[in-house]
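Here's the structure, in structure tokens; my notes come after.
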Amino acid sequence: MNPMSRAEDPVTEILALYRQAGHKDYVGEAVSQLEHAAQTADCAVEEGLSDEIVTAAFLHDVGHLCATLGAGEIKRMGTWGAAGHESLGAEYLRALGFGERVAQLVEGHVAAKRYLTFKQPEYHQRLSEASKATLRYQGG
């Protein structure tokens with residue numbers, strides 16, 4: 001599977017991607033990539049958010065999975081995953097035909113984390129050590 005190709009069936013391709021790489025550790029956390037995606041989507045569902053936002057929540061870190069499958073030259077954040085994974089994931093989703101809003105939400109999730117940690121010190125305090133480490137790579 002080429003993770004940057006346009007699929008005839010994007011859902012099938014996403015499922016295949018998670019079958020291939022979703023079991024991998026989620027950058028220093030005690031959960032897998034798939035578990036993290038499901039937890040994030042569950043939070044969006046619990047908040048009563050739209051299907052687009054739930055989809056983007058589930059797929060927000062898909063760029064990390066694309067990076068594990070050799071989607072070209074990928075810069076790393078040390079051992080914390082792919083630098084620019086938000087852009088890589090958004091590009092992948094656009095190539096699959098996902099809507100622009102989903103792609104933009106995926107692309108903006110790192111900027112949102114940076115904003116929240118700046119504006120709400122208590123948000124930063126609740127981050128895991130792994131998330132704090134990636135934040136340093138992402139510009140603090």
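Quick check: at a probe of 1.4 Å, how many percent of the accessible area of the range 83-131 sits on carbon and sulfur atoms? Ligands and nucleic acids excluded, carbon and sulfur give 53 percent. Between residue 128 and residue 19, the contour length at 0.36 nm per residue exceeds the Cα-Cα span by 36.7 nm.
So for each of 111-120, 53-62, 98-107 I average, over its residues, the number of other beta carbons within 10 Å; can you give me the resulting order with the highest mean first?
Result, highest mean Cβ count within 10 Å first: 53-62, 98-107, 111-120.
Listed by chain and number, the aspartates and glutamates placed with their C-alpha closer than 12 angstrom to that of residue 24 are 35; residues fewer than eight positions away on the same chain are left out.
The values are calculated or read from the model by the stated rules, or taken from the named source; none is laboratory data. Fair warning: this is a prediction, and the values are worked out from it, not measured in the lab. Virtual Cβ from ideal backbone geometry, glycine too; neighbours counted across all protein chains shown. Each accessible area value is taken on the protein alone, full model and side chains, heavy atoms only, with ligands, DNA and RNA left out. Shrake-Rupley method; radii C 1.70, N 1.55, O 1.52, S 1.80 Å.
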